[in-house]
Amino acid sequence: MASTTELKVNLPLGLSESEAKLLLAIKLYEVGKAFLGQAAKLAGFSKRTFMEILGQYHIPIFAYSPEELRQELGL
């Protein structure tokens, strides 16, 4: 069973709590420390909306290596 921990951080001026949660969620997803659904929930968005946000930050949703992509496409 997953456990949770509360984290308290003094945010820089101009960075809201919601922005900080979003940026943390994006980074956790990007480095593979959170699944898409987990990151979306942390950021307070649906999976679909979070995927759109990932696109805005140029974070790929699918991380295929060139060889895996060739195999997937049957090339």
Q) For the stretch 36-58, does any single residue satisfy the condition of being touching a residue at least 12 places away in the same chain (Cβ under 8 Å), of a type in the set (Ser, Thr, Tyr), touching a helix residue (DSSP H, G or I) at 6+ places or on another chain (Cβ under 8 Å) and part of a loop (DSSP other than H, G, I, E, B)? A) yes
Q | residue 64, sole failed condition from (1) part of a helix (DSSP H, G or I); (2) in contact with an Asp or Glu (Cβ under 9 Å, 6 or more places away or on another chain) | A | (1)
Q: Please go through the stretch 32-75 and pick out each residue that is closer than 20 Å to residue 3 by Cα, at pLDDT 95 or above and among the aliphatic types (A, V, I, L, M).
A: 39, 40, 42, 43
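The values are calculated or read from the model by the stated rules, or taken from the named source; none is laboratory data. As the structure is a computational prediction, the values presented were derived from the model and not from experiment. Don't worry about glycine lacking a Cβ; one is built from the backbone with ideal geometry, like all the others, and counts go over all protein chains shown.
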